[in-house]
């Protein structure tokens with residue numbers, strides 16, 4: 001196990017607190033390179049991928065439900081329901097191919113949902129889904145319905161749990177801090193999956209048989225003398241075989257304070273910095289790294305604008321691809337296009353947009 005630092009971590013801010021009420025949706029744009037809406041009416045859409053059939057698949061965190069209700073990560077009540085889903089998008093349109101997945105969201109509004117957080121295709125083309133949780137685990141265990149959250153599941157003929165990541169955090173607690181689990185991204189490998197747990201502040205390796213190993217932990221680091229959670233939101237294997245991890249950051253969410261880390265057998269190194277609130281990362285075929293910021297000016301700015309940024313293979317030079325995004329929540333690169341889940345913290349207003357990438 002690789003440990004980023006020896007500084008004690010504090011509780012992570014759950015990703016449920018990211019919504020801004022009344023956020024307008026993006027609009028389709030005919031300008032070259034501008035985001036083109038290819039799916040709409042989604043419920044808190046998050047991670048997405050291009051499947052083996054060439055279609056785009058996006059995880060919808062749902063809109064919660066009627067009950068049970070409990071205090072949420074930010075203090076307000078959240079309610080449980082089975083409104084989470086996975087939607088398939090192709091030239092013929094969009095339709096939900098997996099439904100009835102667990103979800104918790106703000107009571108009444110359905111905003112800031114936690115539920116299905118990412119989707120990937122692994123062994124023999126099977127679909128795998130991470131289901132977030134984002135609650136302190138002692139509190140979560142008081143609500144039996146939440147037992148099916150904080151997991152990696154497979155959707156193949158029926159839904160089946162591959163690994164209970166929240167239970168692993170509860171018993172192992174790799175960082176030694178408050179026990180909190182919010183699996184946020186999943187990346188397939190030949191032998192299993194890599195999962196970034198934004199609540200547990202660690203990156204995990206999950207084998208196809210369900211065995212969980214810790215690849216890296218991310219205890220907090222200091223900003224202006226104050227401890228700040230790293231909050232790993234995404235982890236991908238790069239073209240050099242190393243692991244790259246994107247950082248959301250925690251309170252006080254400093255603008256320009258988010259980083260991308262590179263991890264190999266020699267340890268952890270800083271690959272690129274100067275970003276704000278990274279929610280996802282991906283590589284293109286030319287080995288460029290793309291970084292998706294959910295709030296380009298910071299969570300506390302009141303500005304819902306996100307940004308997609310391209311970083312060169314050395315991690316030194318980067319350029320803005322587009323900031324015509326609203327609280328984006330997930331990124332996939334396929335060929336000459338980027339696919340982004342947009343308006344990711346509201347029900348019924350979520351989108352998937354396609355962005356043409358320059359050569």
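Listed values, structure above:
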read-out: Shape call, region 100-216: gyration tensor on alpha carbons, a/c limit 1.5; value: oblate
read-out: 222 nm mean residue ellipticity, helices alone, for the chain (DSSP H n ≥ 4; -39,500 (n - 2.57); rounded to 500); value: -1000 deg cm²/dmol
read-out: Average Cα contact separation per residue, region 174-284, under 8 Å, 6 or more apart, as relative contact order %; value: 18 percent
read-out: Fluctuation leader among 340, 206, 131 - the chain, Gaussian network, Cα springs under 10 angstrom; value: 206
read-out: Sequence ranges 313-320, 181-188, 225-232, ranked by mean other-Cβ count within 10 angstrom, highest first; value: 181-188, 225-232, 313-320
read-out: Length released on extending from residue 92 to residue 157, taking residue separation times 0.36 nm less the Cα-Cα span; value: 21.1 nm
read-out: Highest-first arrangement of 270-277, 109-116, 208-215, where packing means the average Cβ count within 10 Å; value: 109-116, 270-277, 208-215
read-out: Residue 242 paired with residue 141, simple spin-label distance in nm, labels 7 Å along Cα-to-beta-carbon; value: 3.9 nm
read-out: Normalised alpha carbon radius of gyration of region 199-348 [divisor 2.2 N^0.38 Å]; value: 1.02
read-out: Region 203-358, relative contact order [Cα under 8 Å, separation at least 6], %; value: 12 percent
read-out: Pairwise FRET efficiency - residue 224 versus residue 334, Cβ, R0 = 35 Å, nearest 0.05; value: 0.30
read-out: Normalised contact order of the chain, rounded percent, pairs of Cα under 8 Å and 6 or more residues apart; value: 19 percent
read-out: Gyration tensor (alpha-carbon) shape descriptor, the chain, a/c threshold 1.5; value: rounded
read-out: Among 95, 40, 334: highest mean-square fluctuation, GNM of the chain, C-alpha pairs under 10 Å; value: 95
read-out: Sequence ranges 302-310, 348-356, ranked by mean other-Cβ count within 10 angstrom, highest first; value: 348-356, 302-310
read-out: Length gained when the stretch residue 74-residue 37 is fully extended (0.36 nm per residue, less Cα-Cα span); value: 10.2 nm
read-out: Global geometry of region 166-261, whether rounded, prolate or oblate, following the gyration tensor of its Cα atoms and the 1.5 cut on a/c; value: oblate
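Laboratory data are not the source of any read-out in this text; all were calculated from the coordinates shown. Worth saying up front: this structure is predicted, and the values here are computed from it rather than measured. Cβ atoms come from the backbone with ideal geometry, glycine included; neighbour counts cover every protein chain shown.
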